[in-house]
1. Taking ASN138 and the conditions (1) in contact with a strand residue (DSSP E or B) (Cβ under 6 Å, 6 or more places away or on another chain); (2) in contact (Cβ under 8 Å) with a residue 60 or more places away in the chain, which numbered condition does it fall short on, given that it satisfies the others?
2. How many of the residues in the range 189-207 are farther than 19 Å from HIS219 by Cβ and in a loop (DSSP other than H, G, I, E, B)?
3. Filter the range 65-115 down to the residues that are touching a Ser or Thr at 6+ places or on another chain (Cβ under 7 Å), of a type outside the set (D, E, K, R) and surrounded by 14 or more Cβ atoms within 10 Å (Cβ to Cβ) and list them by number.
4. What single numbered condition from (1) within 16 Å of the chain's Cα centre (by Cα); (2) closer than 21 Å to TYR74 by Cβ fails to hold for GLY204?
5. Could you check the range 119-159 and list, in sequence order, the residues that are at positive phi and among the small types (Gly, Ala, Ser)?
6. Somewhere in the range 74-95, is a residue closer than 23 Å to ARG169 by Cβ and in contact with a helix residue (DSSP H, G or I) (Cβ under 6 Å, 6 or more places away or on another chain)?
7. Could you pull out every one of the helices (runs of 4 or more DSSP H) wholly within the range 75-158 that has 2 or more residues that are farther than 23 Å from VAL197 by Cα?
Amino acid sequence: MRRDPLHGAQRDKSRSDKHGLKSVLPDFANPFIACLLIGCSLPSISTAQTKAEKTSEMKIVSAARSQIGKTVYYDPSYVGLAYPNGDVPMDRGVCTDVVIRALRSGVKQDLQKALHEDMKANFSTYPNNWNLKRPDKNIDHRRVPNLEAYFKRQGFSLKVTQDAKDYLRGDLVTCSVPPIHIMVVSDKRSADGTPLVIHNIGSGTKEEDRLFSFKLLGHYRVK
């Protein structure tokens, strides 16, 4: 027995025919069965795809891609920045600025603040390539070796391989462009299945087939 959703009375799902035999009424309360019986279409798989596009990995990619055409210069100049959420002018920057902006805009992670605070507490664990005596919130997060140290300390490190399938959208990779370079792995792939990368290697932010153009040094997946 079940309650009629319209009238509130209970009703039996079965009924007797003229011979006293019972036939079971189809359970139209089950949308899957109802759709099969009357021929309506079920929700599209694209719903799942839409949800996937909203994942943090895709947000990182989209935020990186949004810089294409806006960041058109490579400019490594030292600049005094606001803190937190400080940035150089959007029309310029370096490879790290692509990553900083992508994480800040895409997943609300401010690498300037996060790295500065970690570096203050753990200064000796960071590279001393610049003979600094203390952290500098204007530049530390814009240096690839510091980002590598921070990502490793956060447990973001993955194995570096030459297998394209190991690199997922939103991953970050460093490579040996002199002296060192960082890129965002795209959701788009080349004809041979290699993921494209979004980066600024010298003439503004671009999306290119350059993942294996240089020796890979680091592979990171932000959590």
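Each value in this text was obtained by applying a stated rule to the coordinates, not by laboratory testing. Note that the structure is predicted; figures quoted are calculated from it, not measured. Don't worry about glycine lacking a Cβ; one is built from the backbone with ideal geometry, like all the others, and counts go over all protein chains shown.
1. (1) is the only condition that ASN138 fails.
2. 5
3. GLN67, ILE68, THR71, TYR74, GLY93, VAL98, GLY106, VAL107
4. Against the list (1) within 16 Å of the chain's Cα centre (by Cα); (2) closer than 21 Å to TYR74 by Cβ, GLY204 comes up short only on (1).
5. Within the range 119-159, GLY155 is the sole residue that qualifies.
6. No: zero hits.
7. 111-121
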